[in-house]
Amino acid sequence: MENSKDTQHLKLRAVILNMIDSSLYQVGDRFPPEMELCKELDVSRAALRKVLDELQQDEYISRVQGSGTLILKKRTKFTLNLSAFGGAAETISGYSALGIEHFRITEITAGEKYAKLLEVETDDRLIELERIRTLDGTPAIYTHNVLVKSRIDYHENLYAEIASSLSKTMGWHVETCDANIQFYTADAVLSGMLRVPVGAPLLRIEEIARQVDGLPLDYSLDYYIADLFDFQIVRRKH
């Protein structure tokens with residue numbers, strides 16, 4: 001769990017990144033002097049310099065003694081298509097590299113919760129996967145999937161892109177997807193995993209993918225760092 005210093009550091013980093021991303025500044029603009037920022041943000045100079053040093057290493061800013069701080073770039077905004085079904089590769093655009101930073105797979109018993117969601121018996125065996133997906137090296141999404149062991153085949157590609165593997169590798173055809181979308185804020189666990197402050201805005205998407213006959217194939221729960229995405233949805237007239 002984060003200590004208070006780590007939490008304050010992440011919050012300060014998020015505040016400064018949001019300032020850089022705002023319409024108040026353009027690439028090439030000069031950032032306010034340190035003493036002015038310290039007063040405005042009510043932080044110590046040591047705390048501010050630690051964040052600015054990190055942002056310089058990440059090439060968001062350039063700091064030259066006597067010349068001040070220049071903005072070199074803003075964070076890339078990725079597009080999440082909420083109308084599309086699939087994994088990150090099928091629903092997100094605007095990135096150069098998609099990766100996995102954290103990966104955990106376990107076999108669990110369904111219990112009452114998953115037995116109801118996936119329409120299985122409480123003692124059926126399930127495959128549970130947890131991953132942190134990165135976009136251009138930045139943690140962006142926490143994904144949690146649960147699949148019925150008897151309904152899938154183990155395959156090395158399954159765990160990278162579950163949706164495409166279910167259809168291409170195993171022959172399952174996803175016909176519908178029941179989705180619940182909510183705005184959410186990061187708790188201590190998600191804060192540590194996604195490296196955002198406690199209370200940072202997230203988009204929470206809970207889904208059950210079903211094949212043609214309605215049989216549930218996959219339960220998923222994903223948390224997206226809201227500040228990294230533009231959300232897109234296509235609305236059609238019926």
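What residues of the stretch 57-99 lie in the reach of a label at THR176, counting those whose backbone N is under 19 Å from a point 7 Å from the Cα along Cα→Cβ? Backbone N within reach: 83-86.
Where the centre of each part is set by its Cα atoms, how far does the stretch 1-40 sit from the stretch 186-236, in angstrom? So the two Cα centres are separated by 26 Å. The protection proxy used here, the mean number of other Cβ atoms lying within 10 Å of each residue, ranks peptides 21-28, 72-79 as follows, highest first: 72-79, 21-28.
Where nothing but the Cβ of Lys and Arg (+1) and of Asp and Glu (-1) is charged, how large is the charge dipole of the stretch 96-153 around its Cα centre, in debye to the nearest 20?
Charge dipole, the stretch 96-153, about its Cα centre: 120 debye, nearest 20.
Of the three principal axes defined by the Cα atoms of the chain, the extents in descending order read 67, 42, 33 Å. A helix-only calculation puts the chain at -8000 deg cm²/dmol for mean residue ellipticity at 222 nm, using -39500 (n - 2.57) for each DSSP H run of at least four residues, averaged over all residues. What you get for the chain, charging only the Cβ of Lys and Arg (+1) and of Asp and Glu (-1), is a dipole of about 840 debye around the Cα centre. Taking packing as the residue-averaged number of other Cβ atoms within 10 angstrom, the listed peptides 114-124, 85-95, 57-67 run from highest to lowest as 85-95, 114-124, 57-67.
Ignoring lysines fewer than eight residues from LYS5 along the same chain, the ones with Cα atoms less than 21 angstrom from its Cα are LYS39, LYS50.
Which FRET efficiency value, to the nearest 0.05, is calculated for SER67 and SER93 with the Förster distance at 45 angstrom and r the Cβ-Cβ distance?
0.75
Any read-out appearing in this document is the output of simple, stated calculations on the displayed coordinates, not a laboratory observation. It should be emphasised that the depicted structure is a prediction, and the values quoted were computed from it without experimental measurement. Quick reminder, even Gly has a Cβ in these numbers, built from the backbone with ideal geometry, and neighbours come from all protein chains shown.
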